[in-house]
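K.L.:
So that we are looking at the same thing, I have put the structure below in structure tokens.
The values are calculated or read from the model by the stated rules, or taken from the named source; none is laboratory data. Since the structure is predicted, the reported quantities are computational estimates derived from the model, not experimental observations. Note: ideal-geometry Cβ built from the backbone for every residue, glycine included; neighbour counts use all protein chains shown. Just the protein is used for accessible areas: all its heavy atoms, side chains included, with ligands, DNA and RNA removed. Shrake-Rupley method; radii C 1.70, N 1.55, O 1.52, S 1.80 Å.
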Amino acid sequence: MYTLYYAPATASMAVHLALLETGAPYELQLLDFEKNQQKDPAYLRLNPNGVVPTLVCDGKPYIETAALMMLLAERHPAAGLAGTPEQYEEWRQWMVYLSHNLQATYRFWFYPSELGYATHPDEVRHALQTRIEKIWDQLDQHLNAHGPYLLGAQFSVADLYLTVLMRWSRNMPHPATEWPALNHLVQLITNRPSWKKMMEIEGVDIWPEDKTV
């Protein structure tokens, strides 16, 4: 049994998806960000950073989104969440890339205070937007040449992770779905049973929006 501390529409979505893909039993502990529950002393003993996700596994708390997804993939090899054995190193590379480059940059985009600002100066905001869009360029080129998934024909939790991060761009000047190969990946992932179940459980708005009439 796993316990996932989560908040809807945050990075914990990716770990929730990985749990659903494994089929392992788990329970959810909702943290109400409006009540600042992520800063409660009891929670800070589990996650000193005061963020989500936190995954309690065998009675011990673990943190960091990419690390938790890797932990689940490695503990449940039958689910095939790390690709094939031959793809393991490439899969691990993608997980670190997404964490180090994309999620870390988003942190600065959404939280100007971490760069010492109340709100971003225009030049800083432009620089962060440009960096994120360059990552979309690189990922789209890779998927166009080697897709439809990051590991080619083989789905992995790296695709779940990327799709959650792409969702965060939906209100940016140029959302990730404007890149064709990225948009195709979004369609593949958001049609998976795990995505639909996660959205239902967390009560998150449908994305991408259904524009059919």
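K.L.:
Would you mind telling me which residue in ARG131, ARG45, ARG170 has the biggest mean-square fluctuation in a Gaussian network model of the chain, where springs connect alpha carbons within a distance under 10 angstrom?
P.N.:
Residue with maximal mean-square fluctuation among ARG131, ARG45, ARG170: ARG45.
K.L.:
Cβ neighbours within 10 Å, averaged per peptide: list 54-61, 118-125, 136-143 in order, most packed at the top.
P.N.:
On the way: 54-61: 15.2, 118-125: 11.2, 136-143: 17.2.
Ranked by mean Cβ neighbours within 10 Å, highest first: 136-143, 54-61, 118-125.
K.L.:
Still on this structure: Over all directions, what mean area does the Cα convex hull of segment 6-133 project, stated in square nanometres?
P.N.:
Working: hull surface 37.1 nm².
Computed as one quarter of the Cα hull surface, the answer is 9.3 nm².
K.L.:
Here's another thing I want to ask about it. For the chain, what is the charge dipole size about the Cα centre, in debye to the nearest 20, if Lys and Arg each add +1 at the Cβ and Asp and Glu each add -1 at the Cβ?
P.N.:
Its charge dipole is roughly 240 debye.
K.L.:
Sort 74-80, 46-52, 183-189 by packing, meaning the average of other beta carbons within 10 Å per residue, with the highest value first.
P.N.:
Packing proxy ranking, top to bottom: 183-189, 46-52, 74-80.
K.L.:
On to the next question. Take the solvent-accessible surface of the protein heavy atoms, probe 1.4 Å, and return the percent of it on the chain that carbon and sulfur atoms account for.
P.N.:
51
K.L.:
Quick one: net charge around HIS146, please, counting Lys, Arg +1 and Asp, Glu -1 for every other residue with C-beta under 13 Å from its C-beta.
P.N.:
The answer is -3.
K.L.:
Now, a different point. Taking the highest mean first, how do the peptides 109-117, 161-169 order by number of other beta carbon atoms within 10 angstrom per residue?
P.N.:
Taking the mean over residues of other Cβ atoms within 10 Å, the ranking is 161-169, 109-117.
K.L.:
While we're on this one: Once the other residues with Cβ under 14 Å from the Cβ of MET13 are scored (Lys, Arg +1; Asp, Glu -1), what is the net sum? Write down the numbers at each step before the final one.
P.N.:
On the way: positive: ARG167, ARG170, ARG192, LYS196, LYS197; negative: GLU21, ASP159, GLU200, GLU202, ASP205.
That sum, taken over residues with Cβ under 14 Å, equals 0.
K.L.:
Let me ask you something else. Say the dipole of segment 59-213 comes from +1 at the beta carbon of Lys and Arg and -1 at that of Asp and Glu; which of THR163, ALA145, THR119 then lies farthest toward its positive end?
P.N.:
About the Cα centre, the residue reaching furthest to the positive side is THR163.
K.L.:
Suppose a student asked you for the relative contact order of the chain, using Cα pairs under 8 Å spaced at least 6 residues apart; what percent would you report?
P.N.:
Taking the mean separation of contacting Cα pairs over the length of the chain, I get 20 percent.
K.L.:
Can you tell me, using C-alpha contacts under 8 Å and at least 6 residues apart, the relative contact order of segment 1-84 as a whole percent?
P.N.:
34
K.L.:
Output the Kirkwood hydrodynamic radius of segment 53-95, Cα pairs only, in Å rounded to one decimal.
P.N.:
Hydrodynamic radius (Kirkwood, Cα only) of segment 53-95 equals 11.0 Å.
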